[in-house]
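Visitor: Mind having a look at this structure? Questions to follow.
The values are calculated or read from the model by the stated rules, or taken from the named source; none is laboratory data. Nothing here was measured: the structure is a model prediction, and the numbers come from that model. Cβ placement follows ideal geometry from the backbone for every residue including glycine, while neighbour counts extend to all protein chains displayed.
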């Protein structure tokens, strides 16, 4: 299914459902940009979750190339918003060579439109180390606010003064009213 089709910088951008063949393309592109541990497994799982009705997995094509991805889980089973009926945006990325062209905005707009068909609120978790700096700024600019549960580490609330590691498991949950 195509959710969006328009020109950005005179190049056609399409947002469509992720397909199994996209998994290897994305993983190879991530390895090429230095993410040496990238594999297609995560994206294969996203396509499977979509087939099971748990999520909507999307990719953005810039011209004829896969340039980014985003997923909307309609009823997340973990995290700060589990069981509350709020869709969660998960695993959002634009490949480095396609950044700063508006593709991330198109993906977020599309994901928020999908989320709005399920709830008036959407949520997401963002990592806290500097590698997530651009995402942190973007979410705040888009109106996302912290949920108030504090930081989470490896899928649990990080208790005050407890030890944790500033890795990809350390996140802050945010939400946004859509209507």
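Visitor: Whether any residue in segment 102-113 is more than 25 Å from residue 5 (Cβ to Cβ), out of contact with any strand residue (DSSP E or B) (no Cβ under 8 Å at 6 or more places or on another chain) and at pLDDT 95 or above is what I want to check. Break it down stepwise before answering.
Guide: Restricting attention to segment 102-113, the residues satisfying the condition of being more than 25 Å from residue 5 (Cβ to Cβ) are none.
Among the residues of segment 102-113, not one is more than 25 Å from residue 5 (Cβ to Cβ), out of contact with any strand residue (DSSP E or B) (no Cβ under 8 Å at 6 or more places or on another chain) and at pLDDT 95 or above, which makes the answer no.
Visitor: Then there's this: Would you mind listing the strands (runs of 3 or more DSSP E) fully within segment 102-179 where at least 2 residues are in contact (Cβ under 8 Å) with a residue 60 or more places away in the chain and out of contact with any helix residue (DSSP H, G or I) (no Cβ under 8 Å at 6 or more places or on another chain)?
Guide: On the way: elements: 121-127, 145-153, 170-177.
Filter on segment 102-179 gives 145-153, 170-177.
Visitor: Something else now. Output the number of residues of segment 47-79 satisfying the condition of being in a loop (DSSP other than H, G, I, E, B), free of Cβ contacts under 8 Å to residues at least 40 places away in the same chain and closer than 20 Å to residue 30 by Cβ.
Guide: Total satisfying the criteria: 1.
Visitor: More than 17 Å from the chain's Cα centre (by Cα) and surrounded by 13 or more Cβ atoms within 10 Å (Cβ to Cβ): which single residue out of 9, 65 fits that description? Write out each step before concluding.
Guide: Values: 9 fails: surrounded by 13 or more Cβ atoms within 10 Å (Cβ to Cβ).
Testing whether each residue is more than 17 Å from the chain's Cα centre (by Cα) and surrounded by 13 or more Cβ atoms within 10 Å (Cβ to Cβ) leaves just 65.
Visitor: Among the residues of segment 28-39, write down those that are free of Cβ contacts under 8 Å to residues at least 40 places away in the same chain and over 21 Å from residue 54 (Cβ atoms). Show your work before the answer.
Guide: Looking only at segment 28-39, we keep the residues that are free of Cβ contacts under 8 Å to residues at least 40 places away in the same chain, and these are 28, 31-32, 34-39.
28, 31, 32, 34, 35, 36, 37, 38, listed by residue number.
Visitor: Does residue 61 count as farther than 29 Å from residue 177 by Cβ and touching a helix residue (DSSP H, G or I) at 6+ places or on another chain (Cβ under 8 Å)? Give the derivation first.
Guide: Values: farther than 29 Å from residue 177 by Cβ: yes; touching a helix residue (DSSP H, G or I) at 6+ places or on another chain (Cβ under 8 Å): no.
Against the criterion (farther than 29 Å from residue 177 by Cβ and touching a helix residue (DSSP H, G or I) at 6+ places or on another chain (Cβ under 8 Å)), residue 61 does not qualify.
Visitor: Here is a list of conditions, (1) in a loop (DSSP other than H, G, I, E, B); (2) touching a residue at least 12 places away in the same chain (Cβ under 8 Å); (3) at negative phi, and residue 84 meets all of them except one; can you say which number that is?
Guide: (2)
Visitor: Being at pLDDT 95 or above, more than 14 Å from the chain's Cα centre (by Cα) and within 22 Å of residue 18 (Cβ to Cβ): is that true of residue 118 here?
Guide: Values: at pLDDT 95 or above: yes; more than 14 Å from the chain's Cα centre (by Cα): yes; within 22 Å of residue 18 (Cβ to Cβ): yes.
Judged against the criteria, residue 118 is a match.
Visitor: Another one. Applying the selection to segment 1-33, what residues are modelled with pLDDT of 95 or more, out of contact with any helix residue (DSSP H, G or I) (no Cβ under 6 Å at 6 or more places or on another chain) and assigned to a loop (DSSP other than H, G, I, E, B)?
Guide: Correct list: 19 only.
Visitor: Can you find, within segment 87-96, the residue that is surrounded by the fewest Cβ atoms within 10 Å (Cβ to Cβ) among those that are in contact with a strand residue (DSSP E or B) (Cβ under 8 Å, 6 or more places away or on another chain) and outside any strand (DSSP E or B)? Spell out the reasoning first.
Guide: Let us first name the residues in segment 87-96 that are in contact with a strand residue (DSSP E or B) (Cβ under 8 Å, 6 or more places away or on another chain), namely 87-95.
From the residues that got through so far, the ones that are outside any strand (DSSP E or B) too are 87, 95.
Numbers: 87: 26, 95: 20.
Ranking the candidates gives 95 first.
Visitor: So which residues in segment 27-44 are closer than 25 Å to residue 75 by Cβ and in contact with a strand residue (DSSP E or B) (Cβ under 9 Å, 6 or more places away or on another chain)? Before the answer, list the steps.
Guide: Residues of segment 27-44 that are closer than 25 Å to residue 75 by Cβ, as a first pass: 41-44.
Result: 42, 43.
Visitor: Still on this structure, please answer the following. What is the one condition in (1) under 19 Å from residue 118 (Cα atoms); (2) in contact with a helix residue (DSSP H, G or I) (Cβ under 9 Å, 6 or more places away or on another chain) that residue 51 does not satisfy?
Guide: (2)
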